[in-house]
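One structure below.
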Amino acid sequence: MHEFALVQNIIGRCLRVANQNNASIITDIELEVGDFSLVIEHMFQQSFRTLKKDTIAETAILHIKRTPGIIHCNSCNRESEIWWRSAVQISDSKYQQSLQKYEKSVTPQDVLTGNSDFGKNLFQCLYCESNDTELIKGKSIVIKNIKIKS
Ligand SMILES: [Zn+2]
């Protein structure tokens, strides 16, 4: 998976911010991880433990908050929450094919920007059951907060 490259990028960003603020230590990094970013948390934490060594984030704790996918419905204009786990259980072959394709093709860059066209006309609106929907949130990782000491 892409956890290592992702964490590398995230730590790089945090170190830059810390540096700009003349910090001597990063104590906490808080992330919001979209449920459709396909991040496996224990692998993510493992990569973090390896990559933070010999940096000012060496003792930092990585906090991960999982956030749901949000689909926007073009039929009724409402938004519904969905979770990866429930999505992968949908047995419809169209879902399964798209999920597999997405799993194979998603890159760290896609995850950090949320830019991938995965999730169009795929999930059912919870209000009107239309499939004219788009996954508008939940594909990306957001650095929510960095705690530093100077
Ligand atoms: Zn709808």
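A few remarks follow.
- Residue in the stretch 130-150 that is nearest to the ligand (Cβ to nearest atom), counting only those that are part of a strand (DSSP E or B) and within 15 Å of I71 (Cβ to Cβ): T133
- Residue list for the stretch 15-43, filter: of a type outside the set (D, E, K, R) and over 27 Å from S150 (Cα atoms): V33, G34, F36, S37, L38, V39, I40, H42, M43
- Output for the stretch 1-27, where each listed residue is in a loop (DSSP other than H, G, I, E, B) and among the polar types (S, T, N, Q): N21, N22, S24
For (1) acidic (D, E); (2) at pLDDT 90 or above; (3) under 17 Å from N121 (Cα atoms); (4) not assigned by TED's automatic domain parsing to the domain that holds V111, each residue gets a yes or a no:
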{"position": "L31", "(1), (2), (3), (4)": "no, yes, no, yes"}
{"position": "M43", "(1), (2), (3), (4)": "no, yes, no, yes"}
{"position": "T50", "(1), (2), (3), (4)": "no, yes, no, yes"}
{"position": "I56", "(1), (2), (3), (4)": "no, yes, no, yes"}
{"position": "S75", "(1), (2), (3), (4)": "no, yes, yes, no"}
{"position": "V88", "(1), (2), (3), (4)": "no, no, yes, no"}
{"position": "K94", "(1), (2), (3), (4)": "no, no, yes, no"}
{"position": "S98", "(1), (2), (3), (4)": "no, no, yes, no"}
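- Where a residue in the stretch 64-79 is without any contact (Cβ under 8 Å) to a residue 40 or more places away in the chain and its partner, wherever it lies, is of a type in the set (S, T, N, Q) and more than 7 Å from the ligand (Cβ to nearest atom), with Cβ under 8 Å and at least six apart: I64/Q45
- In the set (1) farther than 30 Å from A18 by Cα; (2) in contact with a Lys or Arg (Cβ under 8 Å, 6 or more places away or on another chain), N131 fails one condition alone, (2).
Quick grid of which residues meet (1) surrounded by 15 or more Cβ atoms within 10 Å (Cβ to Cβ); (2) without any contact (Cβ under 8 Å) to a residue 60 or more places away in the chain; (3) among the β-branched types (V, I, T):
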site: R16; (1), (2), (3): no, yes, no
site: A23; (1), (2), (3): yes, no, no
site: I26; (1), (2), (3): yes, no, yes
site: L38; (1), (2), (3): yes, no, no
site: S47; (1), (2), (3): yes, yes, no
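The values are calculated or read from the model by the stated rules, or taken from the named source; none is laboratory data. A quick note: this is a predicted structure, and the numbers were derived from the prediction, not measured. Backbone-built Cβ (ideal geometry, glycine too); neighbour counts: all protein chains shown.
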